[in-house]
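Novice: Got a structure here, written out as structure tokens. Questions coming.
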Amino acid sequence: MRRRETLVAGGSLLAPLSGCLETLRREDAWRELVVDPPERVYVPPKIDETMPYGTATANGLEISISATRPHSFWTVTGRERSRADVRSNHAIHLMAAVRDAATGVVVPTTVATTIRNATGRVDERTLWPMLSQRMGFHYGDNASLEGAGSYEATVRVGPPGPATAGGVGDRLGRATTVSIEFDHDPKAIDGLGRTLIDEDEGRGDPDALEPMDPVAARAARFGLEGARDDAIPGERLGVASSGDVSFPVRAVGGARHARGRDGEQTLAVAPRTAYNRFPLPFAALSLSLLRDGDVIRAVRGRETIAPELGHHYAAVVAASDLERAETLRIAVETPPQVARHEGYETAFLEVDPATVPVS
């Protein structure tokens, strides 16, 4: 994919943009470059550089924060999305990544930040769980600062929202607070590189940008990609797909999973985005075992994180039911309740049921 760099200075876009776009706010000008985005994952019109602010490790968590220019994004409630616009007091788009330090697995939870400088508190907020094509699943929001200077961000991370398995809960089962100091320079934020993507380079097409951190992206995938299949617990049943979501499925014996017992199997289903295969947290999945089109067993997937399987949705079924079944049907009852950056804002809201053979 060919791309071109565009300079940004003092908050004004230099050539080639001119004319009517100059009357639009900075972030809105770029949004207009994809006039009618498709109802799926698509290549956004730009890539913005980010500035790392720091990383801290505590209670088995690796917590990092970074920033880029303030920009609009979309929040999701149920199947409805709303655009969150930039306000005049926003200085940065603040981002936090929370991972299990031992495995790199993403941790869905609650993340709140308080930012202080020498004069006291300048910003306090709960960050949105968020999805972007460059960063994957993270937490973010536009935040306010008081100009150039030194700041301290206190990041409060709640216990994991999902269930935990395989010893992860021993590391992550409590709230964690870390403090990260950083220096803010408005000119440096405004001067971050921006890459524009032309239509003939794929802008608006079904595809996705490459992730910023390919190593972290691989670790976030189902089964910690790169491991031998025989090192991952259970049996790989296949990969179902629907729209822009893939659903790798494994059956894990009771002895290898915290919720299973003898005579039971845990179905582990890991919805992932198309192209980059990022995890999709905070959704509701129902799983149905079928034979000759009839339902043998219907269960709900419980959101779970585990070291070998990463982020997934787990449901315990009788081993005999799994043996009788011919097909597993996966239905997304509630789409991922995560905010979205450009390229994801129209995707994953309506997902048709997917099926995968299990015998």
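Novice: Starting at the first residue of segment 331-336, write each ³J(HN,Hα) from the Karplus equation 6.51 cos²θ - 1.76 cosθ + 1.60 with θ = phi - 60°, in whole Hz, x for Gly and Pro.
Specialist: Whole-Hz 3J(HN,Hα) from phi for segment 331-336: 10, 8, 6, 10, x, x.
Novice: Could I ask something else about it? Give me a comma-separated list of calculated 3J(HN,Hα) values for segment 70-76, in order, Karplus coefficients 6.51, -1.76, 1.60 applied at θ = phi - 60°, integers in Hz, x for any Gly or Pro.
Specialist: Couplings: x, 7, 6, 8, 10, 8, 10 Hz.
Novice: About its Cα centre, what dipole magnitude does segment 119-192 give when the only charges are +1 on Lys and Arg Cβ and -1 on Asp and Glu Cβ, stated in debye to the nearest 20?
Specialist: 380 debye
Novice: Which far-off residues, 5 or more places away or on another chain, put their amide H under 5 Å from the one on VAL43, with H placed in the peptide plane?
Specialist: For VAL43, the qualifying residues are GLY204, ASP205, ASP207.
Novice: OK, next. Quick one: which residues, 5+ away or cross-chain, put their amide H under 5 Å from the amide H of GLU303? H built at 1.01 Å from N.
Specialist: ALA163, ALA314
Novice: From the phi of every residue in segment 236-250, what ³J(HN,Hα) in whole Hz does the Karplus formula 6.51 cos²θ - 1.76 cosθ + 1.60 yield, where θ is phi - 60° and glycine or proline is x?
Specialist: Once θ is set to phi - 60°, the couplings for segment 236-250 become 6, 8, x, 10, 7, 8, 7, x, 9, 10, 10, 10, x, 10, 10 Hz.
Novice: Shifting gears a bit: Mind putting a number on the dipole of segment 222-357 about its Cα centre? Charges go on the C-beta only, +1 for Lys and Arg and -1 for Asp and Glu, and I need it in Debye to the nearest 20.
Specialist: Dipole of segment 222-357, to the nearest 20 debye: 300 debye.
Novice: Next up: List the residues, sorted by chain then number, that are 5 or more residues from ALA339 or on another chain and whose placed amide H is less than 5 Å from its amide H.
Specialist: Hits under the 5 Å cutoff: VAL76, MET130, LEU131.
The numbers here are math on the coordinates, done by the rules we state, and not lab data. What you are looking at is a predicted structure, and each value in this text was computed from that prediction instead of being measured. Here Cβ is always computed from backbone atoms with ideal geometry, including for glycine, and neighbour counts include all displayed protein chains.
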